[in-house]
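A.B. asks: This structure is in structure tokens; I'll ask about it shortly.
No lab work stands behind these numbers, since they all come straight from the coordinates. Please read these numbers as outputs of a predicted model, since none were measured by experiment. Here the Cβ positions follow ideal geometry from the backbone for every residue, glycine too, while neighbour counts run over all protein chains shown.
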Amino acid sequence: MVRKSKGLGDRHKKILAFLKAYQEREGYPPTIREIGEETDISSTSVVNYYLDQLEKMGKIERQRKISRGVRLANVSPLGEMLKIPVAGRIVAGEPIPVPSSDFSYFDAETSVDIARSFLPSDKNDELFALEVEGESMIDAMVNDGDIVIMKSTGAEQTKNGDMVAVWLPERDETTLKYFFKEKEGYRLQPANPTMEPIIVGKEESLEIKGKVVMVIRQVQKTVI
């Protein structure tokens, strides 16, 4: 006989901890049997008893018609969500002088929510977002107004063909381009056949602020 408990008991807490860990690891919820095996409950009916209690407490949500229909309440089915800070704007066209607000265009509270499962598994704490301005990367499906998720990196970690945010200190300019290291310096290649690459001599300073790991496309409204 299972004793009715007021509030969260040890088994409730074990089940909740397992649901969270399993969802983050696998990207989807466990089965009833897996919950029982992990929490040392041999009977699936007893597992269901505890799940019913957790549901009444508002701790979980259930879909009884599917085998993996248990998840933590108020948690995205995509897994844990991360808030990525929006650091500012980046020009995806010919580089232009950086206004005083560039890379701090948005206030400190501005962010985008992204499922952890969509992002690189390492160094998620070094991610930031930029709003794209310009059309030089349109063939790479990066349009004016889109948001790019960037991973902080330097030139030593950057490979030819990476899409990067570049800062040119001597020109006081920023740009978003494909990066290529060449014999005489660097080539910053647009993804737009109507635009020419930007050539940076090896004697000129170039700083890579981050590499694009995801693009969040903005829905374009059609005016009739």
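A.B. asks: Between R68 and M81, how many nm apart are label points set 7 Å from Cα along the C-beta direction?
C.D. replies: 2.1
A.B. asks: If you don't mind, there's one more thing I want to ask. Calculate, axis by axis, the spread of Cα positions in the range 122-183 along the three principal axes, and write the results as whole Å, longest axis first.
C.D. replies: Ordered largest first, the range 122-183 gives principal extents of 30, 30, 23 Å.
A.B. asks: Hey, how many Å between the Cα centroid of the range 23-63 and the Cα centroid of the range 172-196?
C.D. replies: 52
A.B. asks: Through the Karplus equation 6.51 cos²θ - 1.76 cosθ + 1.60, θ set to phi - 60°, convert the phi angles of the range 25-32 into ³J(HN,Hα) values in whole Hz; use x for Gly and Pro.
C.D. replies: Whole-Hz 3J(HN,Hα) from phi for the range 25-32: 7, 9, x, 8, x, x, 7, 4.
A.B. asks: Tell me, rounded to the nearest percent, the portion of alpha carbon pairs in the range 10-72 spaced more than 19 Å apart.
C.D. replies: Numbers: 325 of 1953 pairs.
Here the tail beyond 19 Å accounts for 17 percent of pairs.
A.B. asks: Shifting gears a bit: Lys and Arg at +1, Asp and Glu at -1: add these up for the other residues within a Cβ distance under 10 Å of D144 and post the number. It would help to have the intermediate numbers written out before the result.
C.D. replies: Working: positive: none; negative: E131, E133, E135, D146.
The answer is -4.
A.B. asks: Roughly speaking, what is the stretch gain from D52 to M141, that is 0.36 nm per residue apart minus the C-alpha to C-alpha distance, in nm to one decimal? Let's see the in-between values first.
C.D. replies: Details: separation 89, 0.36 × 89 = 32.04 nm, distance 4.60 nm.
Contour length minus Cα-Cα distance gives 27.4 nm.
A.B. asks: Moving to a separate point now. Between E203 and R116, what is the FRET efficiency for a Förster distance of 45 Å, r being their Cβ-Cβ separation, to the nearest 0.05? Spell out each step's value before the answer.
C.D. replies: Details: r = 42 Å, r/R0 = 0.93.
For E203 and R116, the calculated efficiency is 0.60.
A.B. asks: If each of D172 and T44 carries a label point 7 Å out from its Cα toward its Cβ, how far apart are those two points in nm?
C.D. replies: 7.0
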